[in-house]
Amino acid sequence: MNLLEYIIFGIIQGLTEPLPISSSGHLVLIRNIFNTNLFQDLNFEIVVNFGSFLAILLIFWKDIIKLIKGFFGYLFNKKEKETFQNDFKYCLLVLIGSIPVGIAGILLKDKIESILSGPRLLGISFLITAIALFLVRNAKGDKEDKDITYKDAIIIGLLQMVALFPGISRSGTVLVGCLLCGLSRNSSLKYTFMLYFPVSIASMGLGALDLIESGNLSNVFIPYFVGLVASGIVTYFSYQWLSNWVKKGRLWKFSIYCFLLSIFIFIYFR
């Protein structure tokens, strides 16, 4: 039964990480509903997040390799500098879009989570996510990757900071920001998950140090591993679901889910 709990938690992480419905919000909600040691295990949370990271890395590995080659090609290959110009600029856009949430995360994340992790405040956060997703239901910009401006990156980066609040989806907030800045749906989807990598790598790097220092890995290797695998597999397929719905302009369906979840929270924790 204990092993099954790890698998279920991995599935929940994998389902909610790419979708614009807040994985952190669902984690806090589950902790408030079920009183189990598993859902208080921050080390396991790091492991299942890594499973999601691997899945999304698998999806975007070609884009990442192209961007890395373009970045260093622009810096060190003077003869073909113009060839790599767009990729170099895109890397800068990812960096600029990641700086605000990085600074805010270091300074405020723990305070925000300790003060605003109550279930009723969580309901408000899900409601905000629902409204934001509904507002861009018909948005369909025409900016492609090469058309994204530094101003767009700053605006989207500032909006990403809002996702530090439990219940407000990072992917949802960034998607909304991209669409409001006039990016096409394909470019919005790509930029959203390019911004995922710096934030995820930084948070996992800090968490991995705590995981190693805990010195208890041998006792939990099997349940952690099955949770990681479950998280990775479900993340891969839930991203395909998100991609399909974004391209078809169906983000509003996720807004309905977040709205109903917020109503449930208000009723359950009244």
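So, in segment 28-69, exactly how many residues are over 18 Å from Val226 (Cα atoms), surrounded by 19 or more Cβ atoms within 10 Å (Cβ to Cβ) and modelled with pLDDT under 85?
Number satisfying all stated conditions: 1.
Conditions first: (1) at pLDDT 90 or above; (2) surrounded by fewer than 17 Cβ atoms within 10 Å (Cβ to Cβ). Gly97 passes all but one, so which condition is the exception?
It is condition (2) that Gly97 fails.
Any residue in segment 3-21 that is at pLDDT below 90 sitting within a Cβ distance under 8 Å of a residue that is surrounded by fewer than 20 Cβ atoms within 10 Å (Cβ to Cβ) and not in a helix (DSSP H, G or I)? List the pairs, counting only those 6 or more apart or interchain.
Final answer for the pair search is Glu5/Thr36.
Does any residue of segment 135-142 turn out to be surrounded by 14 or more Cβ atoms within 10 Å (Cβ to Cβ), farther than 14 Å from Met194 by Cα and out of contact with any helix residue (DSSP H, G or I) (no Cβ under 6 Å at 6 or more places or on another chain)?
Yes: segment 135-142 contains one or more residues that are surrounded by 14 or more Cβ atoms within 10 Å (Cβ to Cβ), farther than 14 Å from Met194 by Cα and out of contact with any helix residue (DSSP H, G or I) (no Cβ under 6 Å at 6 or more places or on another chain).
Do we have any residue at all in segment 135-148 that's touching a residue at least 24 places away in the same chain (Cβ under 8 Å) and within 18 Å of the chain's Cα centre (by Cα)?
No, segment 135-148 contains no residue that is touching a residue at least 24 places away in the same chain (Cβ under 8 Å) and within 18 Å of the chain's Cα centre (by Cα).
Looking only at residues in segment 143-164 that are crowded, with 21+ Cβ neighbours inside 10 Å and touching a Leu at 6+ places or on another chain (Cβ under 6 Å), which one is farthest from Pro119 (Cα to Cα)?
Ile148
From the list Ile103, Ile155, pick out the single residue that is in contact with a Cys (Cβ under 7 Å, 6 or more places away or on another chain), without any contact (Cβ under 8 Å) to a residue 60 or more places away in the chain and more than 23 Å from Ile256 (Cα to Cα).
One residue alone meets the criteria, Ile155.
The values are calculated or read from the model by the stated rules, or taken from the named source; none is laboratory data. Computed from a predicted structure; not experimentally measured. Methodologically, a virtual Cβ is constructed for each residue, glycine included, from the backbone with ideal geometry; neighbour enumeration extends over all protein chains shown.
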